[in-house]
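First the structure, in the form of structure tokens, and then the observations on it.
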Amino acid sequence: MNEEASALMGELSMVADMLEGGKLLALFIGILGIWAANWILRQLAEGVMKRLPSRRFIILQFVTLTSFILYIGGVIVLIVAVLQPPREFLLAIAGSAAVAIGFALKDIASSLVAGILLLFERPFQVGDRVTYGETYGTITAITLRSVRLQTLDDNTVTIPNSSFITDIVSSGNMGAMDMMVTADFHLALDADVDKAEEILQQVIVTSRFTYLKKPIKFIVEEVEIAERIAIRLRARAYVLDVDYEKPFLTDITRRVSKLFIEAGIERPSRL
């Protein structure tokens with residue numbers, strides 16, 4: 001009994017020594033320092049991206065990976081260096097933490113593991129324009145737990161990392177600056193399709209948003225619109241930057257619509 005009491009008192013003394021006020025203060029300051037270092041890193045990255053926009057994706061990927069290392073490595077180093085727990089205590093805590101994570105934090109743990117897998121498998125990258133379910137937008141951050149996606153109407157959507165392991169996600173540019181954009185124009189069955197394609201080609205190549213080093217393709221097919229058959233003229237072209245997707249579509253739609261009217265190219269009639 002005395003031996004058990006002595007062992008218990010020894011353990012309590014060890015814990016009290018680790019949780020001494022000065023050590024807790026140092027731990028808090030250290031965590032605050034990690035957060036500040038991460039914030040400074042992101043601010044510096046923002047400045048570099050403004051000066052080197054063509055390297056934006058590489059910079060964002062570097063910042064994401066560095067943040068992972070700062071948070072995970074920094075917290076581990078702080079605990080070991082500041083609290084200085086004995087080896088037996090670390091092993092006991094590691095075992096208890098594993099059980100706790102397995103039962104109480106299963107979803108968060110799976111998201112953390114999935115986040116690490118995303119960094120290495122890279123199905124998409126920070127800055128990519130992706131479609132996930134019914135959500136479409138730009139990946140702005142890949143954190144320890146989730147992926148943040150900014151939609152084209154400026155909403156921020158947060159998705160757990162684990163969702164990307166089992167669900168389908170498509171990337172429009174896979175780390176490249178340029179991206180293919182599809183534009184559809186519908187014509188009447190008796191419209192001059194060749195003339196319409198010529199106009200559309202001219203408008204696309206003269207748009208300031210078009211990436212001319214990649215090919216422009218056209219697809220013509222019959223489709224049903226409002227219970228009527230029409231000709232769909234589809235153009236597939238590349239924009240210089242993923243952010244130019246909507247400006248590009250707006251530019252060519254305005255100019256093509258005006259030129260179609262001037263050329264007498266008929267659109268599908270109303271019922």
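The values are calculated or read from the model by the stated rules, or taken from the named source; none is laboratory data. Bear in mind the structure is a predicted one, so any value in this text is a computation, not a measurement. Neighbour counts are summed over all protein chains in view; Cβ atoms, including those assigned to glycine, are modelled from backbone coordinates with ideal geometry.
Any chance segment 259-267 includes a residue that's in contact with a strand residue (DSSP E or B) (Cβ under 9 Å, 6 or more places away or on another chain), more than 20 Å from Met177 (Cα to Cα) and small (Gly, Ala, Ser)?
no
If you take the residues in segment 136-161 that are more than 21 Å from Val63 (Cα to Cα) and more than 12 Å from the chain's Cα centre (by Cα), which one is surrounded by the most Cβ atoms within 10 Å (Cβ to Cβ)?
For segment 136-161, the residue satisfying everything is Leu152.
Would you call Leu144 assigned to a loop (DSSP other than H, G, I, E, B), touching a Gly at 6+ places or on another chain (Cβ under 7 Å) and not assigned by TED's automatic domain parsing to the domain that holds Phe68?
yes
What is the one condition in (1) at pLDDT 95 or above; (2) closer than 24 Å to Phe124 by Cβ that Thr156 does not satisfy?
The single condition Thr156 does not satisfy is (1).
For segment 190-199, check the following and say yes or no: at least one residue is outside the structural domain of Glu134 (by TED's automatic domain parsing), at pLDDT below 95 and buried (at least 19 other Cβ atoms within 10 Å of the Cβ).
yes
Look through Ile219, Ile165 and report the one residue that is within 22 Å of Val126 (Cα to Cα) and either within 17 Å of the chain's Cα centre (by Cα) or surrounded by fewer than 14 Cβ atoms within 10 Å (Cβ to Cβ) (or both).
None of the others qualify; the one that does is Ile165.
Do we have any residue at all in segment 212-234 that's out of contact with any strand residue (DSSP E or B) (no Cβ under 8 Å at 6 or more places or on another chain) and of a type in the set (Asp, Glu)?
There is at least one residue in segment 212-234 that is out of contact with any strand residue (DSSP E or B) (no Cβ under 8 Å at 6 or more places or on another chain) and of a type in the set (Asp, Glu).
Report the residue count in segment 113-153 for those that are more than 23 Å from Glu46 (Cα to Cα) and at pLDDT below 85.
7
In segment 125-147, what residues are within 21 Å of Asp243 (Cβ to Cβ) and in contact with a helix residue (DSSP H, G or I) (Cβ under 8 Å, 6 or more places away or on another chain)?
The answer is Gln125, Val126, Gly127, Asp128, Arg129, Tyr132, Thr138, Ala141, Ile142, Val147.
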